[in-house]
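The values are calculated or read from the model by the stated rules, or taken from the named source; none is laboratory data. These numbers were taken from a predicted model, which means no experiment stands behind them. Methodologically, a virtual Cβ is constructed for each residue, glycine included, from the backbone with ideal geometry; neighbour enumeration extends over all protein chains shown.
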Amino acid sequence: MHRLSLFGLHGSTALAARVAARLGVPLAPHEERNYEEGEHKTRAIGDVRGHDAFVLHSLFADNNESGNDKLCRLLFFCGALKDAGVARVTAVAPYLCYARKDRRTKPNDPVITRYVAAMFEAVGVDQVVTVDVHNLAAFENAFRCQTWNVEGAPLLAAHFAPLLDGQDVVVVAPDAGGAKRADHVRGELEHRFGRHVGSAYMEKFRSSGTLRGTQLAGDVAGRVAVIVDDMISTGGTLVHAAEACRRAGATRVFAAATHGLFAGGAPALFAAGLDGVVVVNTVPPFRVPADIAARQLTELDVSDSIAAVIATCHAAV
């Protein structure tokens, strides 16, 4: 059997270490060097010939590197591993940048998800693992190598089930495009509750950064509303949906998403009077002020789920 090697690139080391602990393996040693003009190199330390290599790097922008920088670092390291003779290399990107740009919405628009897929394939990546990709069908169609999508729905449902047990609950999609994702959470909650959980969704239109649409389809009156999305950027979409749920008579309103980007700290979201904001730790919430995060934000750990996928992949090599 090929030896499993798990690497965690800078900026994603904490999550990689948690995954490694659950797999019962140490993080494989590597070196990352930055050059004065902004270029960099990354290499494995030690012999990796014949290894089944997994490289974890979440591709969000932080205070040190852009998503583009992290994408290049991940690609170059995966290419270097292939050159060093690994049997297989799997890129594990819990947050996959450019996943939202998966189709043309205006003439001559780029389909960047497809271009990113081509870059992964060009450096010899054999598999790509991500968590709650924005559009699963577009993701699977863009990549020619094997892909794995870890769903965040079980984690979110496991958090809300004991919190809301015995209460009338409705899961709300903040737009029609997210209805399937919200329905997965609703189904997980029904399984845990052993009873019906309602569903609703908002209409939403966005053009040139302006958000419109006021219709809420579904009954939320007298119920606890859990608004589910794949990511929180500025938080505007969730605030829009939360206001509609309050107007329609929801008793409490929670916001839940897998990827908490919190652009600019998402101040409108945390000032919206929500009963709680829940995210998964694919992206650390470093943009949210610590005092606000302590009061209003709950972070769920996805490392068990990622480790389970890695173990399944490794067993099949």
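Of the residues making up segment 190-203, those that are in contact (Cβ under 8 Å) with a residue 24 or more places away in the chain and under 15 Å from V220 (Cβ atoms) are V197, G198, S199, A200, Y201, M202, E203. Quick one: would you say R212 is over 19 Å from the mean Cα position of the chain (by Cα), among the basic types (K, R), over 24 Å from V133 (Cβ atoms) and at pLDDT below 95? Judged against the criteria, R212 is a match. Being under 22 Å from the mean Cα position of the chain (by Cα) and either surrounded by fewer than 15 Cβ atoms within 10 Å (Cβ to Cβ) or closer than 24 Å to A316 by Cα (or both): is that true of V25 here? No, not satisfied.
Condition first: part of a loop (DSSP other than H, G, I, E, B), loosely packed, with under 15 Cβ neighbours inside 10 Å and either modelled with pLDDT of 90 or more or among the charged types (D, E, K, R) (or both). Now tell me which residues in segment 99-117 satisfy that. Listed by number, the residues that qualify are R103, R104, K106, D109. For segment 77-98, the criterion of being surrounded by fewer than 18 Cβ atoms within 10 Å (Cβ to Cβ), assigned to a loop (DSSP other than H, G, I, E, B) and in contact with a His (Cβ under 6 Å, 6 or more places away or on another chain) is met by at least one residue. Taking (1) out of contact with any Gly (no Cβ under 6 Å at 6 or more places or on another chain); (2) farther than 23 Å from V133 by Cα; (3) in contact (Cβ under 8 Å) with a residue 24 or more places away in the chain in turn, T90 satisfies each apart from (2). So, in segment 276-310, of the ones that are more than 16 Å from P94 (Cβ to Cβ) and in contact (Cβ under 8 Å) with a residue 40 or more places away in the chain, which residue ends up surrounded by the most Cβ atoms within 10 Å (Cβ to Cβ)? The qualifying residue surrounded by the most Cβ atoms within 10 Å (Cβ to Cβ) is V277. Any chance you could count how many residues in segment 12-46 are part of a loop (DSSP other than H, G, I, E, B) and modelled with pLDDT under 95? Of the residues in segment 12-46, 6 are part of a loop (DSSP other than H, G, I, E, B) and modelled with pLDDT under 95. Name the residue that is farthest from G249 (Cα to Cα), counting only residues in segment 265-317 that are of a type in the set (V, I, T) and assigned to a loop (DSSP other than H, G, I, E, B). Checking each candidate, the answer is V317. Evaluated against (1) surrounded by fewer than 18 Cβ atoms within 10 Å (Cβ to Cβ); (2) of a type in the set (G, A, S); (3) modelled with pLDDT of 95 or more, G264 falls short on exactly one condition, (3). Would segment 137-148 turn up any residue that is in a helix (DSSP H, G or I), assigned by TED's automatic domain parsing to the domain that holds G276, under 30 Å from L6 (Cα atoms) and in contact with a Leu (Cβ under 8 Å, 6 or more places away or on another chain)? Looking for residues that are in a helix (DSSP H, G or I), assigned by TED's automatic domain parsing to the domain that holds G276, under 30 Å from L6 (Cα atoms) and in contact with a Leu (Cβ under 8 Å, 6 or more places away or on another chain), one finds none in segment 137-148, hence no.
When residues in segment 219-233 are screened for being out of contact with any Cys (no Cβ under 8 Å at 6 or more places or on another chain), assigned to a loop (DSSP other than H, G, I, E, B) and on the phi < 0 side of the Ramachandran plot, 4 of them pass.
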